[in-house]
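*Asks:* Structure incoming, see below.
Rule-based calculations on the coordinates, nothing more; no lab input. Everything numeric in this text was worked out from a predicted model, so none of it was measured.
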Amino acid sequence: MAATTDLQFPCVLIIEVPFPTPRLASIALKSLQVDKELSPLVKRTFSIESSDDSVPNGDAGGNILRTEYKATTNRMLRVAVNSFMDSLNLVLEVMQELDTDVLAAKDATA
């Protein structure tokens with residue numbers, strides 16, 4: 001939970017999704033941030049952060065997609081996060097099928 005509580009948006013959830021590379025995290029961010037929240041009762045912010053572990057391929061930048069949701073009620077928070085998870089799932093499936101980094105990592109482990 002956030003250090004300071006916003007009285008208008010007391011319900012807070014932070015979701016951190018690690019990606020293999022900063023490039024994939026950036027692609028996910030750009031794909032997900034185009035969809036605006038439909039309800040004025042929910043606020044969402046995206047950022048990319050670095051993990052504590054070093055990135056194996058030497059890419060600069062963060063590889064963790066951080067999404068912070070704030071909502072007026074738990075119900076509004078649940079609805080917004082469910083929608084986000086559906087969108088995130090679609091982005092991850094497309095990356096898994098089409099992205100060259102993911103395909104190269106799959107070949108390396110096989």
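*Asks:* What are the ³J(HN,Hα) couplings of the stretch 24-29, residue after residue, when phi is run through the Karplus curve with 6.51, -1.76, 1.60 and θ = phi - 60°? Round to Hz, x for glycine and proline.
*Replies:* 5, 5, 5, 4, 4, 4
*Asks:* Right, here's the next one. Residue by residue through the stretch 62-77, what is 3J(HN,Hα) from phi via Karplus (6.51 cos²θ - 1.76 cosθ + 1.60, θ = phi - 60°)? Round to whole Hz and write x for glycine and proline.
*Replies:* Per-residue couplings from phi come out as x, 10, 10, 7, 10, 10, 10, 10, 10, 9, 6, 9, 4, 5, 5, 5 Hz.
*Asks:* Let me ask something else about it. Can you compute 3J(HN,Hα) from phi for each residue in the stretch 78-89, using the Karplus curve 6.51 cos²θ - 1.76 cosθ + 1.60 with θ = phi - 60°, rounded to whole Hz and x for Gly and Pro?
*Replies:* Per residue, the Karplus-derived 3J(HN,Hα) values read 4, 4, 5, 5, 4, 5, 4, 5, 4, 5, 4, 4 Hz.
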